[in-house]
1. Counting DSSP beta bridges in the chain, what percent are antiparallel, to the nearest 5?
2. What is the magnitude of the charge dipole of segment 10-250 about its Cα centre, with +1 placed on the Cβ of each Lys and Arg, -1 on the Cβ of each Asp and Glu, and no other charges, expressed in debye to the nearest 20?
3. With just the Cα atoms defining each centre, how far is segment 18-79 from segment 285-304? Give it in Å.
4. Of the options PHE286, LEU188, PHE312, report the single residue whose Cα projects farthest towards the positive end of the charge dipole of the chain (beta-carbon charges: Lys, Arg +1; Asp, Glu -1).
5. Using amide H atoms built 1.01 Å from N in the peptide plane, name the residues 5+ places from TYR70, or on other chains, whose amide H lies under 5 Å from its own.
6. Please go through segment 146-193 and write out the trypsin sites (Lys or Arg not before Pro) that DSSP classes as loop and that have at most 16 other C-beta atoms within 10 Å.
7. Provide the convex hull volume over Cα atoms per residue for segment 255-346, in Å³.
8. Residue-wise, which Karplus ³J(HN,Hα) couplings in Hz belong to segment 287-304, taking 6.51 cos²θ - 1.76 cosθ + 1.60, θ = phi - 60°, and x for glycine or proline?
Amino acid sequence: MRSYVFPGDIEERISAIGSQPIPYMRTDEFSRINKDSERILLNLIHCKNGRAILYTGSGTGAMSATVENYVSTKKKALVIDGGSFGHRWYEMCRYYGIPVFNYFVPFAQDIDYDDLEKTLSREKPDVFLCQHHETSTGQLFNLEKISAICRRHKISLVVDAISSFLAEELDMDALEIDICIVSSQKGLNIPPGLSVVFLRKNLNGHPWGRKGYYWDFEDNLRNLSRGQTPFSPATTLFLQLHARLEQLEAEGGEVKNIARVHHRAGIFRRLCREYGWEIPAEVPSFAITGFQTKEKTPGKVFRSLIEKHQTFIMPGDRPGFYRVSHMGLQTEEDLRELAARIHEFEAE
Ligand SMILES: *Cc1c(COP(=O)(O)O)cnc(C)c1O
């Protein structure tokens, strides 16, 4: 099997942990592991003296936690709706009855930052919700510009960095991002099921909203202080997370991983040019390549890759538009082979 989705192909060492006996988790040993995971995570995202809540739950759980506990304490949110993940922020605000302005960005386009600033002056939100990378299209938004605008208007910035973490540079402190969200199966490339909410140090003592029992920040932070979780953690995933984080720390942090992801994306994008596949994203993230094939029979590429080669890529919202992740293990030969197969099936 070959996987170019989330996660991609996982290192043997990490997946092997999944077949080991599962230790009891209410122990000092497990607590030490989690406290160490929190420490490394905070270093990787540059969130000095902040906190990193580890949740058993996919990325959407961490988004929901953030809306319940933080966004709900604000008067009005502005959401960047540049695709299905941005739209999820909007739906969550509506779900919890939080006043929200939906700033729509067309498919795969960048934000018009001047227009955005004008909209902020008019709408006066006090919290800004966006994605760093809108995974549904491959578009990367400019956090330097967003951060500068939020600073000028004194708006709290919350970023879903689920699919950019470890694929793009990201410095929470420098960008003054109050909350960042990350999940296990994307940049970390370990199995799905864990997510992380990073809280910058200035949020220490914030009166949290407490709108949901399971994700409650206070309860989770209290437990995390001793390396524990209020409810049963997905123990194996926590161990895989720690092993992966130790690996990243041993290679000096996030820089090498980001370079690897960039390298793979570069290779695949050259292949896209060779085969004449357009990359619609105005500013594409290195995390994935979203590309428009010339597929004759809708869904043929996707199904044939599975049926003939046990290979997974991600379909997109439009016919013939596919996405290939660059987070997992992949060599130049792998990517050449993948592109050649896609080319073969697009003509069928
Ligand atoms: C994957 C992803 C999510 C979370 O999706 P889950 O299915 O809950 O893991 C949220 N935002 C972005 C940008 C993503 O790529």
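Where a number appears in this text, it was derived from the coordinates with a stated rule and is not lab data. Predicted model, so just to flag it, every value in this text is computed and none were measured. Every residue, glycine as well, gets a Cβ built from its backbone with ideal geometry; the counts of neighbours run over all protein chains shown.
1. Details: 23 of 42 bridges.
Beta bridges within the chain, antiparallel portion: roughly 55 percent.
2. On the way: 27 positive and 30 negative charges, 176 e Å.
Dipole about the Cα centre, nearest 20: 840 debye.
3. The two parts, judged by their Cα centres, are 33 Å apart.
4. LEU188
5. Sorted by chain and number, the residues that satisfy this are GLY209.
6. Details: sites: ARG151, ARG152, LYS154, LYS186; in loops: LYS154, LYS186.
Passing sites in segment 146-193 are LYS154.
7. Values: hull volume 8.1 nm³, N = 92.
That works out to 88 Å³ per residue.
8. 4, 9, 10, x, 9, 9, 7, 9, 3, 7, 9, x, x, 4, 4, 4, 5, 5
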